[in-house]
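A.B. asks: A single structure is presented below for examination.
The values are calculated or read from the model by the stated rules, or taken from the named source; none is laboratory data. Predicted model only: the values in this text are computed from it and were never measured. A quick note on method: Cβ atoms are made from the backbone with ideal geometry, for glycine too, and the neighbour counts reach across all protein chains shown.
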Amino acid sequence: MGRWKFAAVIALVFMSLGLTQTHGDELDAFLDMSLTDLLNVPVVTASKRLQTLMEAPSAISIISRDDILQSSANTIPELLQYVVGMDGYTKTHTDQDVAARGLAYDETPKMLILVNSQPINVVVYGGVQWPTLPLAKQDIDRIEVVRGPSSAMYGADAQAGVVNIITLPAFERKSSASISYGERGTQTYQIGFAHPLNEDFAVAIRGRFTRTEKKGDAETPAAIQAAPNYGIKDWADIYAMTYRLDYKRGDTEFNSEGGISSDEEGYNASAGDRSIDLSSKRTIYLNNRAKFPVGRGEVGIRLGVRDLWQENKRWSNGGYVFKYELRKSQGIDVDLQYTLSPLANQNIIFGGNASRFVGSRDIANTPPYIYDESDNLWSIYAQDQVAFADRRILLTLSGRYDKWSSLDGEFTPRATLNLDLHKKKANLRLMAGSSFRRPSFDESHYFVRFPGGWLKGSQIDATTEVGTLVPGEKPDPEKLTAYEVGLRLHPDARTYVDFEVFQNTIKRNLGLIVYHNAPDELNIGITNIGDRIKLSGVEIELKHDLSKDTRAFLNYTYQRGKIKDASSIEEKWLGAPQAKLSGGISYAGTITADARFRYVGGVTYPEVDFEPVDDYWTVDLAVSKFSGEYLHAKLSATNALDKARYEYPIYTQIRRKLSVDLRYLF
Amino acid sequence: MKPVDTFGQSIVLRGSAQKRRRIGPARLCEGGGPPNLRRFLLLAVVGLACLAVVSDAFAVDKERLIRLKAAFIFNIIGYVRWPESAQDNITVGILGEDPVAVPLRAISKKRMVKGKRMEVKVFPEASGIGPCNILFVSAPHVAALDSLGVQLESSHVLLIGDTDGLAGKGVAVNFVVVKERLRFEVSLQALKRAGLVVGAKMLNLSILVDEKDSQ
């Protein structure tokens with residue numbers, strides 16, 4: 001990296017409230033601060049409870065605990081689908097994906113997913129095994145969604161944005177037992193204990209079993225042969241356990257959190273394939289954090305671990321075909337961060353990170369192919385926010401340098417200007433920045449043979465069917481440059497409106513290339529291809545408190561894109577819904593009711609040669625009530641009108657899911 | 001031709017997908033991101049270092065101040081040790097119809113403190129003060145402390161106020177605004193009279209006030 005880049009990073013010595021400015025409510029933000037932090041909060045002219053959202057340097061949405069508990073959503077991706085600018089799909093009950101701004105449907109997902117700042121993306125391919133995450137809805141405090149390039153603070157994989165799932169401290173959790181039962185055999189049983197051992201120390205544990213749907217009766221080879229027209233059978237049994245320890249005394253905090261899940265799942269495809277996959281998975285994550293004051297600021301230290309193992313067995317047309325395995329997908333991360341406000345109008349963060357990644361696959365080739373790779377990463381980052389003119393102007397600069405042992409270093413900057421246009425009731429945001437995605441182990445080292453051909457990762461040497469050698473080469477990270485303009489309005493205490501316009505350009509796109517193609521031969525691979533993808537769109541979000549008990553929201557997303565290859569042939573980008581309209585209303589009184597709708601239109605998937613997914617709309621409902629002080633009952637219906645849809649072609653057809661949930665607090 | 005099971009997901013490649021891909025590898029030029037952007041940012045950082053010291057005076061935002069006071073009260077509870085009590089709750093009383101009750105009630109619904117629930121009670125008049133661990137005394141009711149202060153302290157009540165000079169008149173903790181920041185004064189004598197112990201970290205961050213100085 002050039003000297004000037006390194007100097008720029010070092011020169012970025014100011015800290016921002018960037019992390020804390022992601023809190024949706026100012027009071028909540030204050031409650032998360034230490035006494036030292038509170039003493040540094042300026043008592044300035046400000047708008048009301050959404051002040052931090054108004055001044056946030058990124059396009060951000062918060063899913064509150066009320067949203068999480070009151071809605072009918074069973075999984076986090078189902079919640080995220082209602083966030084403006086976010087796209088998501090369910091392929092199977094354990095294969096879900098989300099991303100922001102048109103980048104959901106590519107081979108490798110482009111969102112960084114965090115649990116209390118611990119990355120949980122699967123190291124080997126970058127996606128997230130959402131339903132197998134050992135995380136219970138009751139233990140989530142809020143979900144922060146940042147749309148747009150975020151590598152300047154979070155590094156690789158935060159290309160399209162970041163989702164940070166913040167869980168409740170053990171002090172806030174309650175002991176409970178619950179049962180949920182729904183259509184087609186959906187079941188969840190869980191029990192959790194939370195106990196403060198003394199004033200400073202609390203622990204919580206939870207165990208859970210989830211069955212996403214009743215096991216299909218075609219999960220055996222004999223049943224496949226016997227069933228002439230069986231359709232999609234998609235089930236999963238997931239066992240999970242989580243724990244959390246919290247210690248807090250004065251300004252010093254320590255917490256340790258983790259979970260383990262074990263999953264058995266099955267999937268049978270139709271459309272002439274007549275094949276069945278049975279999978280076993282195990283997921284582990286651990287996250288330890290400490291925070292304490294040093295000098296005029298605060299130091300945060302984090303040590304986290306993530307691990308996924310997966311084994312797949314396949315049958316086709318009644319016969320056993322093969323077994324393949326994700327043997328290792330492990331990451332260990334250490335973060336160190338310092339936060340301070342040296343001046344009344346300035347906030348600074350700077351920090352560093354060291355990580356090690358290990359990935360290994362056993363792929364079902366003849367002869368078998370195994371790769372076993374590892375890589376190390378170190379990075380430094382800084383963010384500075386400075387306020388001028390009675391806080392009417394906010395300038396936020398951030399930058400990060402990442403260096404892997406196997407790849408060149410990458411520097412990503414971001415700059416945001418927030419302008420208060422009218423007495424804290426209107427805020428204009430201008431942002432320019434870049435982000436990137438590191439090639440995954442799969443993209444670099446995968447190799448699979450199929451009848452008449454192969455697919456290879458970028459670093460693998462292979463020979464085509466006609467004898468041409470295709471040498472391996474080290475891929476470059478995929479780079480995204482973004483420009484955003486946002487206008488936030490907060491005309492009164494009950495109303496919040498956000499308009500966002502964005503343009504993202506991706507260069508050095510990692511994609512599939514065809515080396516040789518003949519009627520019975522196909523050789524393809526992953527590499528940096530001569531494509532430039534340009535995505536642009538508009539996001540509009542409205543939130544309004546109709547009364548002290550009733551809230552409503554409405555959001556609209558329109559996005560489109562073009563992909564241009566090196567020969568300047570331009571085509572429409574097929575990778576995201578063109579339009580999405582969502583809305584909902586929640587009432588929290590004696591009973592709690594939540595009703596939402598979502599319309600998604602114009603979706604096509606580039607790597608799948610089928611008809612586009614039909615435009616669809618869905619209505620999701622939930623009603624709940626406390627009976628006495630300890631018993632809580634909830635009736636939920638996702639896709640309440642049972643309008644069957646595919647969110648991804650030929651895979652699981654989404655039907656209505658009606659369920660009853662009973663929870664006892666003790 | 002249909003390759004399957006790459007990256008844990010099935011993919012199907014046929015003619016339409018290939019239209020978008022050139023045959024043979026190709027690369028864009030090196031260096032992602034517009035170079036002018038990076039130079040601009042470097043200059044901006046240098047400029048910021050010079051401009052950062054410029055600061056305008058800020059007007060006090062009353063609503064933010066109220067929320068801050070509530071957050072401080074919530075935080076301070078963690079540093080105070082009361083005599084042993086079998087109560088499950090920590091009760092925060094407010095003497096007078098003070099707006100700080102609103103954020104305190106919001107806090108009590110969503111947070112626990114020291115493993116206990118926080119309960120908020122408003123006492124409109126001094127004559128109606130009930131049992132509580134903390135009593136926030138709003139400005140209009142400061143005079144009531146003359147007669148009730150001793151009684152409250154003997155009940156181990158932590159008295160908190162936000163009126164200038166109150167710490168010097170016997171209130172244990174008093175909020176003041178100093179250089180656009182909310183600070184708190186602490187009277188060690190008042191704490192001692194109330195039989196309360198406060199953590200050293202909180203005392204280190206406070207403005208210690210000697211009651212003799214105000215007499």
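A.B. asks: Looking at the range B:90-111, which of its residues are more than 11 Å from chain A (Cβ to nearest Cβ) and closer than 19 Å to B:ALA194 by Cβ?
C.D. replies: Scanning the range B:90-111 gives B:THR91, B:VAL92, B:GLY93, B:ILE94, B:LEU95.
A.B. asks: Looking at the range B:148-180, which of its residues are surrounded by 16 or more Cβ atoms within 10 Å (Cβ to Cβ), within 14 Å of another protein chain (Cβ to nearest Cβ) and at negative phi?
C.D. replies: Scanning the range B:148-180 gives B:ASP162, B:VAL173, B:PHE175, B:VAL176.
A.B. asks: Being hydroxyl-bearing (Ser, Thr, Tyr) and more than 10 Å from chain B (Cβ to nearest Cβ) is the filter here; which residues of the range A:434-456 pass it?
C.D. replies: A:SER444
For (1) within 13 Å of chain B (Cβ to nearest Cβ); (2) farther than 27 Å from A:SER434 by Cβ; (3) in contact with a Cys (Cβ under 8 Å, 6 or more places away or on another chain), each residue gets a yes or a no:
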| residue | (1), (2), (3) |
| --- | --- |
| A:GLN330 | no, yes, no |
| A:ASP333 | no, no, no |
| A:PHE350 | yes, no, no |
| A:ALA354 | no, no, no |
| A:LEU377 | no, no, no |
| A:ARG392 | yes, yes, no |
| A:GLY399 | yes, no, no |
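A.B. asks: Name every residue in the range A:73-100 that is β-branched (Val, Ile, Thr), assigned to a loop (DSSP other than H, G, I, E, B) and touching a Gly at 6+ places or on another chain (Cβ under 9 Å), in order of residue number.
C.D. replies: None - no residue of the range A:73-100 is β-branched (Val, Ile, Thr), assigned to a loop (DSSP other than H, G, I, E, B) and touching a Gly at 6+ places or on another chain (Cβ under 9 Å), so the list stays empty.
A.B. asks: Here is a follow-up. Of the residues A:LEU80, A:LEU38, only one is closer than 18 Å to A:LEU554 by Cβ and modelled with pLDDT of 50 or more; which?
C.D. replies: Unique residue meeting the criteria: A:LEU80.
A.B. asks: Restricting attention to the range A:109-119, which residues are surrounded by fewer than 23 Cβ atoms within 10 Å (Cβ to Cβ) and either of a type in the set (A, V, I, L, M, F, W, C) or at pLDDT below 80 (or both)?
C.D. replies: A:LEU114
Yes or no, residue by residue, for (1) facing chain B (nearest Cβ under 8 Å); (2) without any contact (Cβ under 8 Å) to a residue 40 or more places away in the chain:
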| position | (1), (2) |
| --- | --- |
| A:LEU489 | no, no |
| A:ALA493 | no, no |
| A:PHE502 | no, no |
| A:LYS507 | yes, yes |
| A:LEU512 | yes, no |
| A:ASN517 | yes, yes |
| A:ILE526 | no, no |
| A:SER536 | no, yes |
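A.B. asks: To continue, here is another question. Every residue in the range B:66-89 that is at the interface with chain A (Cβ under 8 Å from one of its Cβ atoms) and under 15 Å from B:LYS121 (Cβ atoms), please.
C.D. replies: If we filter the range B:66-89 for residues that are at the interface with chain A (Cβ under 8 Å from one of its Cβ atoms), which is where we start, we get B:67-68, B:70-72, B:74-76, B:78-79.
Within the range B:66-89, just B:ALA70 meets the criteria.
A.B. asks: Is it true that some residue in the range A:149-170 is surrounded by fewer than 20 Cβ atoms within 10 Å (Cβ to Cβ), of a type in the set (Asp, Glu) and touching a Lys or Arg at 6+ places or on another chain (Cβ under 9 Å)?
C.D. replies: Looking for residues that are surrounded by fewer than 20 Cβ atoms within 10 Å (Cβ to Cβ), of a type in the set (Asp, Glu) and touching a Lys or Arg at 6+ places or on another chain (Cβ under 9 Å), one finds none in the range A:149-170, hence no.
Every residue, every condition in (1) more than 16 Å from B:VAL80 (Cα to Cα); (2) modelled with pLDDT of 90 or more, yes or no:
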site: B:VAL113; (1), (2): no, no
site: B:VAL122; (1), (2): yes, yes
site: B:SER138; (1), (2): yes, no
site: B:SER147; (1), (2): yes, no
site: B:SER155; (1), (2): no, no
site: B:LEU166; (1), (2): yes, no
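A.B. asks: Of a type outside the set (Gly, Ala, Ser), within 24 Å of the chain's Cα centre (by Cα) and within 29 Å of A:PHE499 (Cα to Cα): does that describe A:TYR646? Reasoning before the result, please.
C.D. replies: On the way: of a type outside the set (Gly, Ala, Ser): yes; within 24 Å of the chain's Cα centre (by Cα): yes; within 29 Å of A:PHE499 (Cα to Cα): no.
No: the conditions fail for A:TYR646.
A.B. asks: For residues in the range A:432-475 being of a type in the set (Asp, Glu) and over 31 Å from the mean Cα position of the chain (by Cα), which is modelled with the lowest pLDDT?
C.D. replies: Applying the first criterion (of a type in the set (Asp, Glu)) to the range A:432-475 yields A:442-443, A:461, A:465, A:473.
From the residues that got through so far, the ones that are over 31 Å from the mean Cα position of the chain (by Cα) too are A:461, A:465.
Details: A:ASP461: 95, A:GLU465: 88.
The selected residue is A:GLU465.
A.B. asks: Further question: Any chance you could count how many residues in the range A:494-529 are among the hydrophobic types (A, V, I, L, M, F, W, C) and either closer than 30 Å to A:PRO451 by Cα or outside any strand (DSSP E or B) (or both)? So that I can check it myself, show each step before the final result.
C.D. replies: Of the residues in the range A:494-529, the ones among the hydrophobic types (A, V, I, L, M, F, W, C) are A:497, A:499, A:501-502, A:506, A:510, A:512-514, A:518, A:522, A:524, A:526, A:529.
After this cut, where a residue has to be either closer than 30 Å to A:PRO451 by Cα or outside any strand (DSSP E or B) (or both) as well, the list is A:510, A:512-514, A:518, A:522, A:524, A:526, A:529.
Counting residues in the range A:494-529 that are among the hydrophobic types (A, V, I, L, M, F, W, C) and either closer than 30 Å to A:PRO451 by Cα or outside any strand (DSSP E or B) (or both) gives 9.
A.B. asks: Right, here's the next one. With the requirement that a residue be among the hydroxyl-bearing types (Ser, Thr, Tyr), out of contact with any Asp or Glu (no Cβ under 8 Å at 6 or more places or on another chain) and modelled with pLDDT of 90 or more, what does the range A:567-617 give you?
C.D. replies: A:SER582, A:THR592
A.B. asks: Can we say A:ASN347 is out of contact with any Ser or Thr (no Cβ under 6 Å at 6 or more places or on another chain), in contact (Cβ under 8 Å) with a residue 12 or more places away in the chain and of a type outside the set (A, V, I, L, M)? Steps first, please.
C.D. replies: Values: out of contact with any Ser or Thr (no Cβ under 6 Å at 6 or more places or on another chain): no; in contact (Cβ under 8 Å) with a residue 12 or more places away in the chain: yes; of a type outside the set (A, V, I, L, M): yes.
Answer is no for this residue.
A.B. asks: Continuing with this model, one more query. Here are the criteria: (1) in a loop (DSSP other than H, G, I, E, B); (2) among the hydrophobic types (A, V, I, L, M, F, W, C); (3) under 30 Å from A:GLY452 (Cα atoms). Tell me which single one A:ILE563 does not satisfy.
C.D. replies: (1)
A.B. asks: Right, next: If you check A:SER175, A:SER151, which single one turns out to be modelled with pLDDT under 95, of a type outside the set (A, V, I, L, M) and within 30 Å of A:VAL485 (Cα to Cα)? Steps first, please.
C.D. replies: Working: A:SER175 fails: within 30 Å of A:VAL485 (Cα to Cα).
Exactly one residue qualifies, and that residue is A:SER151.
A.B. asks: Name every residue in the range A:617-640 that is under 20 Å from A:HIS93 (Cα atoms) and either surrounded by fewer than 19 Cβ atoms within 10 Å (Cβ to Cβ) or touching a Gly at 6+ places or on another chain (Cβ under 6 Å) (or both), in order of residue number.
C.D. replies: A:TRP617, A:VAL619
A.B. asks: Please pick out the residue among A:GLY561, A:GLY583 that is under 25 Å from the mean Cα position of the chain (by Cα), of a type outside the set (Ser, Thr, Tyr), buried (at least 17 other Cβ atoms within 10 Å of the Cβ) and closer than 24 Å to A:ALA59 by Cα.
C.D. replies: A:GLY561
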